[in-house]
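For reference, the structure discussed in these notes is given below.
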Amino acid sequence: FVQDEWTVFDSPLLTLVPGARIDLDSRFGVHGTPKLAIRFDPHETLTLRTSYGMGYRAPVFKEMLLLFENPSAGYVVEGNPDLKPETSHSVNLSAEYRPTDWFQGALGLFRNEIDNLIFTESVESADASTLRFSYVNLAEAYTQGLEASAHFKLEDDLTVDTTYTFTDAWDRTEDRRLEGRALHRATIQLGYRHEAGLDVTVRAAVVGRRPFYIDRDGDDVEERVDADSYASLDLRIGQDLGDHFTLFIGAENLLNAGDVQFLPIQPRTFYGGVTGRL
């Protein structure tokens with residue numbers, strides 16, 4: 001991988017960042033991916049960015065060879081040794097605005113054209129009581145949309161971060177929306193850090209309805225089924241014990257979202273521990 005940063009002008013700031021990466025893979029061969037990013041600051045409170053790049057991702061070990069069974073939840077995830085690498089062309093545009101010390105916002109647009117997208121989908125199972133998922137290549141797909149975010153510093157020790165993402169994901173081969181991809185997703189995160197070493201993070205997310213394609217009546221024709229939207233809530237509390245140790249406890253998926261068929265994720269989970277540093 002190589003890249004260079006070239007400052008064309010200092011005021012207003014204009015920066016170019018060209019780069020390139022070469023993948024040498026004993027299974028899939030040699031593949032090069034160039035990119036170019038541009039940053040322009042017309043004012044000290046405003047940053048504009050744009051970039052274009054080619055992408056390449058070879059399938060990883062678990063996508064090719066994994067066999068994971070979860071009998072209690074009734075599903076199996078298995079790898080696919082015949083997977084091909086995915087390649088893409090991506091364009092991004094974004095603007096960041098920082099009018100005050102306590103607020104900053106950003107808005108971005110993106111478009112990705114993808115060949116051989118590595119994707120998870122449900123496959124036929126010999127056991128009707130068990131759902132089976134596997135990794136497949138989609139010949140042609142695209143994702144496009146926008147992402148908006150805002151950061152608020154309400155006090156020196158309290159921050160709020162929010163994001164909203166609209167994603168239009170399309171399977172060109174089947175001429176339909178990508179399975180399991182929601183159009184809408186929103187998150188909010190509250191962070192509190194006290195000078196006495198107390199650190200609290202609360203994160204919530206809401207994900208919209210997602211399409212799935214299932215042959216429910218055995219006629220070899222898949223029907224579209226929209227899974228319900230869902231919300232998740234995570235919490236982590238940490239307390240510094242002197243300069244070298246931190247005691248922490250937390251919980252993930254407090255609302256216990258998930259179901260076997262459309263959202264096989266880890267149920268409500270609690271954890272805790274101690275970290276040390278020199």
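The values are calculated or read from the model by the stated rules, or taken from the named source; none is laboratory data. Only a predicted model underlies this, so the values are computations on that prediction, with no experimental measurement involved. Methodologically, a virtual Cβ is constructed for each residue, glycine included, from the backbone with ideal geometry; neighbour enumeration extends over all protein chains shown. When the accessible area is computed, the model is the full protein with side chains, heavy atoms only, and any ligands, DNA or RNA have been set aside. Shrake-Rupley method; radii C 1.70, N 1.55, O 1.52, S 1.80 Å.
Relative contact order of region 1-99, taken over Cα pairs closer than 8 Å and 6 or more residues apart, is 22 percent. For region 107-121, backbone phi angles converted through the Karplus equation (6.51, -1.76, 1.60; θ = phi - 60°) give residue-by-residue couplings of 9, x, 10, 9, 8, 10, 9, 10, 10, 6, 4, 7, 9, 9, 9 Hz, Gly and Pro being listed as x. For Phe133, the residues whose modelled amide H falls within less than 5 Å of its own, excluding neighbours fewer than 5 places apart on the same chain, are Val76, Val77, Glu78, Val123. The portion of the accessible surface of region 168-267 made up by carbon and sulfur, rounded to a whole percent, is 54 (1.4 Å probe; DNA, RNA and ligands excluded). Can you tell me what percent of all Cα-Cα pairs in region 1-66 are more than 15 Å apart? In whole percent, the share of Cα-Cα pairs in region 1-66 beyond 15 Å is 63.
For region 190-244, the list of GluC sites (Glu not before Pro) that fall in a loop by DSSP and count at most 13 other C-beta atoms within 10 angstrom reads Glu195. Computed from phi, the 3J(HN,Hα) profile of region 74-80 under the Karplus parametrisation 6.51, -1.76, 1.60 (θ = phi - 60°) reads x, 9, 9, 10, 10, x, 9 Hz, with x in place of Gly and Pro. Charge dipole of the chain (Cα centre as origin; +1 on each Lys and Arg Cβ, -1 on each Asp and Glu Cβ, all else neutral): 420 debye, rounded to the nearest 20. In terms of its alpha-carbon gyration tensor, the chain comes out oblate; a/c meets the 1.5 threshold, while b/c is at least as large as a/b.
When only C-alpha pairs under 8 Å and at least 6 residues apart count, what is the relative contact order of region 202-278, in percent? Answer for region 202-278 is 24 percent.
Based on C-alpha pairs under 8 angstrom that are at least 6 apart in sequence, the chain has a relative contact order of 9 percent. Note on region 243-278 and region 10-28: Cα centroid distance 36 Å, given to the nearest whole angstrom. The alpha-carbon atoms of region 18-115 define a convex hull whose volume equals 165 cubic angstrom per residue.
Helical content alone sets the calculated 222 nm signal of the chain at -500 deg cm²/dmol, taking -39,500 (n - 2.57) per DSSP H segment of four or more residues and averaging over every residue. Of all lysines in the structure, the ones whose alpha carbon falls short of 24 Å from that of Lys62, not counting any fewer than 8 places away in one chain, are Lys84. Sequence-ordered 3J(HN,Hα) estimates for region 219-231 from the Karplus curve with 6.51, -1.76 and 1.60 and θ = phi - 60° stand at 9, 6, 10, 7, 9, 7, 10, 9, 6, 5, 5, 8, 10 Hz, glycine and proline given as x. Taking all protein chains into account, the per residue accessible area for the chain stands at 62 Å² (1.4 Å probe). Take the Cα radius of gyration of region 162-278 and divide it by 2.2 N^0.38 Å, N being the number of residues; the result is 1.48.
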